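Got a structure for you, written out below as structure tokens; questions coming shortly.
The values are calculated or read from the model by the stated rules, or taken from the named source; none is laboratory data. Bear in mind that the values here come from a model prediction, so they are computed numbers and not experimental data. Glycine also receives a Cβ, built like all others from the backbone with ideal geometry; neighbour counts cover every protein chain displayed.
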Amino acid sequence: MVVASDTSSLPEDIGEAGLLANSSGPTALDEAMARTVLDRGLHDDLQRRGLARAAELSWGETAWRPRAALGTAAGESARSGVGRT
């Protein structure tokens with residue numbers, strides 16, 4: 001289960017597997033964490049979604065994505081399959 005700020009790349013990384021909190025207020029993260037403790041249904045749902053999201057990710061893919069993005073930005077064509085798992 002994940003509770004995170006709604007800024008930077010965190011929403012993209014978490015997807016539907018976590019609870020995002022507005023980062024503009026000092027208590028938003030506290031309130032979101034309290035919701036996961038007090039609402040057993042939400043807790044169980046986020047736990048299930050988090051495990052499913054984790055199963056979609058791998059270290060190989062995590063390493064490959066920035067390399068592919070940098071190659072694209074530099075005008076290189078990514079070599080298919082190199083470094084991917």
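Say we look at region 53-79 and pick out the residues that are modelled with pLDDT under 80 and surrounded by 12 or more Cβ atoms within 10 Å (Cβ to Cβ); which of these is nearest to residue 6 (Cα to Cα)?
The extreme case among them is 61.
Same structure, new question: Scan 50, 41 and give me the residue that is modelled with pLDDT of 90 or more, surrounded by 15 or more Cβ atoms within 10 Å (Cβ to Cβ) and not basic (Lys, Arg).
Working: 41 fails: surrounded by 15 or more Cβ atoms within 10 Å (Cβ to Cβ).
So the residue among 50, 41 that is modelled with pLDDT of 90 or more, surrounded by 15 or more Cβ atoms within 10 Å (Cβ to Cβ) and not basic (Lys, Arg) is 50.
Now, a different point. For region 24-49, which residues satisfy the criterion of being among the polar types (S, T, N, Q) and under 24 Å from residue 65 (Cβ atoms)?
The answer is none; no residue qualifies.
Would you be able to tell me the number of residues in region 4-17 that are touching a residue at least 12 places away in the same chain (Cβ under 8 Å) and either over 14 Å from residue 54 (Cα atoms) or more than 8 Å from the chain's Cα centre (by Cα) (or both)?
5
For residue 57, all conditions in the list (1) without any contact (Cβ under 8 Å) to a residue 24 or more places away in the chain; (2) over 11 Å from the mean Cα position of the chain (by Cα) hold save one; what is the number of the exception?
Failed condition: (2).
Next question. Quick check, is residue 23 surrounded by 12 or more Cβ atoms within 10 Å (Cβ to Cβ) and modelled with pLDDT of 90 or more?
Working: surrounded by 12 or more Cβ atoms within 10 Å (Cβ to Cβ): yes; modelled with pLDDT of 90 or more: no.
Judged against the criteria, residue 23 is not a match.
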